[in-house]
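What follows is a short report on a single structure.
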Amino acid sequence: MDIEIAKYPCYLRHDLEELIKAEEKEKETGSKCYHMDCLENELYNSIGAAYREGKIGKEEAIYLHKRYLGMDVTLDDV
């Protein structure tokens, strides 16, 4: 799935970009980002909010969870 970050709400776009930057910095420097768990929690919450608000579809939400958080979710309970 190809995603267009620019179309996401500002809070989701911000959290996604911050996580991507942290991952890239980890790869470049070889050192661990010690606040990665915070960034992942922020992104998790932003994905959920955007999905509940109807800003992103179910397939996109599932994809974002899997791609950026490594989570297999079904969103059946939401």
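Each residue in the range 16-35 was checked for being outside any helix (DSSP H, G or I) and open to solvent by less than 30 Å² (accessible area, probe 1.4 Å), and 1 of them qualify.
Residues checked against (1) in a helix (DSSP H, G or I); (2) out of contact with any Pro (no Cβ under 6 Å at 6 or more places or on another chain); (3) not basic (K, R):
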| site | (1), (2), (3) |
| --- | --- |
| D37 | yes, yes, yes |
| N41 | yes, yes, yes |
| G48 | yes, yes, yes |
| K55 | no, no, no |
| Y63 | yes, yes, yes |
| T74 | no, yes, yes |
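Within the range 1-27, residues that are farther than 16 Å from K55 by Cβ sit with their Cβ atoms under 7 Å from residues that are charged (D, E, K, R), at 6+ positions apart or across chains, in these pairs: L19/E40; E26/K32. I'd like the full set of residues that are within 21 Å of A6 (Cβ to Cβ), of a type outside the set (A, V, I, L, M) and open to solvent by less than 90 Å² (accessible area, probe 1.4 Å), limited to the range 36-78. S46, G48, Y51, G54, G57, K58, E60, Y63, H65, Y68, listed by residue number.
The values are calculated or read from the model by the stated rules, or taken from the named source; none is laboratory data. Since we're looking at a predicted model, the values are computed, not measured. Note: ideal-geometry Cβ built from the backbone for every residue, glycine included; neighbour counts use all protein chains shown. These accessible areas exclude ligands, DNA and RNA; they are computed on the full protein's heavy atoms, side chains included. Shrake-Rupley method; radii C 1.70, N 1.55, O 1.52, S 1.80 Å.
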